[in-house]
Structures are given as C-alpha cells and as structure tokens.
1. Let me spell out the model: positive unit charges on the Cβ of Lys and Arg, negative unit charges on the Cβ of Asp and Glu, origin at the Cα centre of the stretch 4-138. What dipole size does that give, in debye rounded to 20?
2. Rounded to the nearest 5, what % of the DSSP beta bridges within the chain are antiparallel ones?
3. Under a straight-distance cross-link criterion of Cα-Cα below 21 Å, which lysines are reachable from LYS63, leaving out those fewer than 8 residues away in the same chain?
4. Given LEU116, ALA136, CYS85, which one lies farthest toward the positive end of the charge dipole of the stretch 4-138, if we put +1 on the Cβ of every Lys and Arg and -1 on the Cβ of every Asp and Glu?
5. Can you give the FRET efficiency for ALA2 and ALA136, using 1/(1 + (r/R0)^6), R0 = 41 Å, r = Cβ-Cβ distance, to the nearest 0.05?
6. Take the Cα radius of gyration of the chain and divide it by 2.2 N^0.38 Å, with N its residue count; two decimals is plenty.
7. Once phi is turned into θ = phi - 60°, what whole-Hz ³J(HN,Hα) does the Karplus curve with 6.51, -1.76 and 1.60 give for every residue of the stretch 18-35, x standing for Gly and Pro?
8. Less than 18 Å apart at the alpha-carbon level, and either on another chain or at least 8 residues along: which aspartates and glutamates does that give for LYS67?
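Where a number appears in this text, it was derived from the coordinates with a stated rule and is not lab data. Here the structure is a predicted model, which means the values were calculated and not measured. So basically every Cβ, Gly included, is an ideal-geometry build from the backbone, and we count neighbours across all protein chains shown.
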Amino acid sequence: MASTHDIEEGLALLPKFDANGLVTAVVTDAGNGDVLMVAHMNAEALAKTIETGEAWYFSRSRKKLWKKGETSGHVQRIQELRVDCDQDALWLKVVQEGEGACHTGRRSCFYRAAPLGQTGTVKLEFRDAERQFDPAAVYKE
C-alpha cells in the first residue's frame, strides 16, 4: 500500500478507485477551460485513455466501457490528463471533436444553472443551452 507521501508527492500514478472500481473524471475544453462533462473511469478505461490519447469511460448505467465518440463521432482528444492531490479524481483537458460533448446535443453537459439567493423551490435556468446536433439522428441505440 502506498504512503500518503507517495500518493501526494510521488511520480507514480496510483489512482484511488472507489468501492465500485471507479474514479471521477472532470472533462474541460483545452482551449477555453469550459467544463464539458463529468464521467467515470475504471482501470481499463484509464489505461485505454492513456494508451490511445482519446477519452474512454465506464458507463455506470450500461455497466460497460465506452469510447467517447464511438457512436456520435464526437471524439475527445486528450491534451493533458491530471490527477488531484490524493489521486481520487481526474481532470482531462480535451479537444472536443464534433459538435458537442453532451448526449442531449449540447456542447456541454452543464447547460442549466440554479439561481442563487432563492429560498424554497428552485427553478433552473438554461445557459448556453442551444443544441449543436440532433441526438436522435446521432444515437441509434
């Protein structure tokens, strides 16, 4: 077992996978820093991402490995992959090929905002929510 010092200061990649064997990956646009999506990786997805330079994830709902863009063609080319201090989260800086990262047809999965300073029921507001592609035309499954 690696020491805290090894994990926080060492050069070895020692990802701390959760009880389900996953680590969270935050994905941002390498050009402007916008958050595009949050996904999860298992050990195989992380290894394939490092090996190929393209983003691979593990789908919690489908319980399977998937390559970003395998259906849509909207591949994510990794520019940089960082790990956080205790190696339980990843940050992928990507060049997003195609029209968007979100399965809803939008550039980013973060297209709604919760207005601050409210009490009671909060109504979300759309932000940068224009669809870039038709999901029904892209995803046939």
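1. 640 debye
2. Working: 20 of 26 bridges.
If we restrict to bridges inside the chain, about 75 percent are antiparallel.
3. Hits, sequence-local ones excluded: LYS16, LYS48, LYS140.
4. ALA136
5. That gives a FRET efficiency of 0.30.
6. 1.16
7. 6, 4, 8, x, 10, 10, 6, 10, 8, 10, 10, 6, 5, x, 10, x, 4, 6
8. The qualifying aspartates and glutamates are ASP29, GLU44, GLU51, GLU54, GLU80, GLU97, GLU99, GLU141.
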